[in-house]
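These notes concern the structure reproduced below.
The values are calculated or read from the model by the stated rules, or taken from the named source; none is laboratory data. For clarity, every value in this text was computed on a predicted model and none was experimentally measured. Cβ placement follows ideal geometry from the backbone for every residue including glycine, while neighbour counts extend to all protein chains displayed. The accessibility values were calculated without ligands, DNA or RNA, using every heavy atom of the protein model including side chains. Shrake-Rupley method; radii C 1.70, N 1.55, O 1.52, S 1.80 Å.
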Amino acid sequence: MSRKMKAVGGIKNRLRELREGRNYTQLKVALDLNLSQNSISRYETGSREAGYELLIRFADYFGVSIDYILCRTDDPRPYK
């Protein structure tokens, strides 16, 4: 499996994990990020891929590094 394929599969799991770990609903995240609940659902199921600008928004929103969302590290701390 290619690195890109692993990342895509991991991104959807990381997004769901981050959301559920904070007890947020898809609707809350969607409203906070000015997206639709359906969009959040699609990112979490992998039927839609987030672009780099949205990945930055997700990382800032959850307070983690983009590398964590992309499964390049298991350390969620953002870079300082």
Exercise for review: Go through Gln37, Asn23, Ile11 and say which Cα lies farthest out towards the positive end of the charge dipole of the chain; charges sit on Cβ, +1 for Lys and Arg, -1 for Asp and Glu.
Suggested key: Ile11
Review point. Between Leu70, Leu15, Leu27, which gets the highest mean-square fluctuation from a Gaussian network model of the chain, Cα cutoff 10 Å?
Key: Leu27
**Study point:** Nitroxide proxy distance, nm - points 7 Å out along Cα→Cβ at Gln37 and Asn13
**Key:** 2.7
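Put Ser47, Ser65, Ser41, Ser36 in order of accessible area, largest first, 1.4 Å probe: what do you get?
Ser47, Ser36, Ser41, Ser65
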Review point. How long are the three semi-axes of the equivalent ellipsoid for the chain, computed from the Cα gyration tensor as the root of 5 times each eigenvalue, in whole Å, largest first?
Key: 18, 15, 11
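Leaving ligands and nucleic acids out of the surface, order Glu17, Glu49 by accessible area at 1.4 Å, largest first.
My answer, sorted largest first, is Glu49, Glu17.
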